[in-house]
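Below is one structure, written out as structure tokens, with a few remarks after it.
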Amino acid sequence: VPEMLLLYTDPDRRERGLGSEVVRQLEADLVTRGVSTYQVRTEAEAGNPALRFYRKRGFVEAGTVTRLGTPFRVFLRTLPAGSADR
């Protein structure tokens, strides 16, 4: 399963749709490549704004992994058919 790595928005520039636009473009590219599911990992700490960001966009929690002592929440996103122009 492909994985999106290191999507980060400066705290002063959040809530402007920048991260959503990156995700939209990534998903359009994945659909043209025939990919229907991908994953993302983000730090599992409760105050991490990325947790809300991914949940709000339809990512489904798929568990937690620990890398180098840091717990990460794993999210999966299945792309709807015909989603290239979303």
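Things to note:
- Members of the range 5-34 that are of a type in the set (D, E, K, R), farther than 23 Å from residue 48 by Cα and in a loop (DSSP other than H, G, I, E, B): 33
- Selection of the range 23-32 for residues being surrounded by 13 or more Cβ atoms within 10 Å (Cβ to Cβ), of a type in the set (Val, Ile, Thr) and more than 10 Å from the chain's Cα centre (by Cα) yields only 31.
Table: residues versus (1) open to solvent by 50 Å² or more (accessible area, probe 1.4 Å); (2) touching a helix residue (DSSP H, G or I) at 6+ places or on another chain (Cβ under 6 Å); (3) free of Cβ contacts under 8 Å to residues at least 24 places away in the same chain.
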position: 6; (1), (2), (3): yes, no, yes
position: 9; (1), (2), (3): no, yes, yes
position: 12; (1), (2), (3): yes, no, yes
position: 16; (1), (2), (3): yes, no, yes
position: 34; (1), (2), (3): yes, no, yes
position: 37; (1), (2), (3): no, no, no
position: 40; (1), (2), (3): no, no, no
position: 44; (1), (2), (3): no, no, no
position: 47; (1), (2), (3): yes, no, yes
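- Yes/no for residue 64 being in contact with a strand residue (DSSP E or B) (Cβ under 6 Å, 6 or more places away or on another chain), open to solvent by 60 Å² or more (accessible area, probe 1.4 Å) and either of a type in the set (Val, Ile, Thr) or touching a residue at least 12 places away in the same chain (Cβ under 8 Å) (or both): yes
The values are calculated or read from the model by the stated rules, or taken from the named source; none is laboratory data. In this text the structure is predicted, and so the values were computed from the model without any measurement. Here the Cβ is made from the backbone with ideal geometry for all residues, glycine too, and neighbour counts use every protein chain on show. Quick note on the areas: whole protein, heavy atoms, side chains included, nothing else; ligands and nucleic acids left out. Shrake-Rupley method; radii C 1.70, N 1.55, O 1.52, S 1.80 Å.
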